[in-house]
Amino acid sequence: MKMNTDRFSLTVDEYLAETNVVFYLNDAVTQILEHKEEYSQFGVVRYFAEYFTSVKNGNHVLFREFSYIKATPHNRETFIHIFWKCFRQIGKNGDLLAMSEYSSLLQLLCPDFPTEMVQNTARIVLTDDATDCLMSFSDFIYSFQIQFYYEEFVESVSVLYKDLLSGKNPNTVIVPTSTSVEQLSSAANEEPDAQEGVDSSIFCECIEGLCERFKHKFPSIVAIKEILESSQRVSFYGFLMALAKHEGVNQDISALPNKSDLLIDPEMDQELERLIAQVAISPTSNNSSSSAAGQKETSKKASPRKSLHQRKRIEMESDGSTEETDSSEN
């Protein structure tokens, strides 16, 4: 868990709000009450120590319910990181997967992970409606990071975008006049412009206004301006894809490495190499063990009387019958 270097200057309430300590305490107490028989043998002190150690180390979200995983920024960041660690090999192999397959992978880590979240991610990668195409691991995971970590921000920006498409400016109070009504109706009827997106400068102003009063996490204003100042018009999903590709935004979240290092995990690679080396270290020992197993199997087959005797005993114990029905005697 990342710690704010200025945390000692925070008030108690600010510190508790930033670290979500109360949320984790409530969850820890709930867990110990629901599984008191399991945890009572360890002791309460040890249980709390292990719980908060797992939160710090990022092991606490695995197989938990979706409401828990999305409850705090730390939980979201940790889940994205775990997803990358678990399925990085897909990207390394160059496999392309469908939306439903990515949904299944996420549900291996979180059984009730909603399909809608994966659908929204696919719209970022595949431009809105083409959600039935295959996606690379790299494209998916960076887009998923934006959709999941900044979920509330993405939803609010979507509302702003739709308002701008319809000719409204959320940051402007319009006094109804004949001229303003004509401008609004003409802007709403400009279909080609709507398909191309909205004016980037106006969109940027609206997002800045949103961020000033926003209570949830959002990308840095510097990154947002950098993206929107690079073109005159922008579409909603084009903006989200630009956020997904922005290295600064990725570093702020700190759940994933830079794109150039996405498929590199030295610790995992070393572990895989070690396991492969153990399997392949002595092929002759495998042959000898298999031949020994074959000899044992032969010796078992060479003593039918023993197995017959055991079968008779089992039959006698099960139904009391002494009748011999073994077909091997014929």
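Need one number: the % of Cα-Cα pairs in the stretch 75-119 sitting beyond the 17 Å mark. Please list the in-between numbers first.
Numbers: 313 of 990 pairs.
Every Cα pair in the stretch 75-119 considered, those over 17 Å come to 32 percent.
Give me the accessible area of SER104, 1.4 Å probe, in Å² rounded to the nearest 10.
Probe radius 1.4 Å; accessible area of SER104 about 60 Å².
Determine one quarter of the surface area of the Cα convex hull of the stretch 1-156, which equals its mean projected area, and express it in nm² to one decimal. Show your work: numbers first, answer last.
Numbers: hull surface 45.2 nm².
Spelled out: convex hull of the Cα atoms, projected over all directions, averaged, 11.3 nm².
In a shell of Cβ-Cβ distance under 12 Å around PHE42, excluding PHE42 itself, what net charge do Lys and Arg (+1) and Asp and Glu (-1) give? Don't skip to the end; give the middle numbers.
Working: positive: LYS36, ARG46; negative: GLU37, GLU38, GLU50.
Within the 12 Å Cβ shell, the charges total -1.
I'd like to compare 132-140, 235-243, 111-119: which one has the highest average count of other Cβ atoms within 10 Å, and what's the full order after that?
Working: 132-140: 17.3, 235-243: 20.9, 111-119: 15.0.
Put in order of decreasing packing, that is 235-243, 132-140, 111-119.
The values are calculated or read from the model by the stated rules, or taken from the named source; none is laboratory data. Fair warning: this is a prediction, and the values are worked out from it, not measured in the lab. Note: ideal-geometry Cβ built from the backbone for every residue, glycine included; neighbour counts use all protein chains shown. SASA here: full protein model, heavy atoms, side chains in, ligands and nucleic acids out. Shrake-Rupley method; radii C 1.70, N 1.55, O 1.52, S 1.80 Å.
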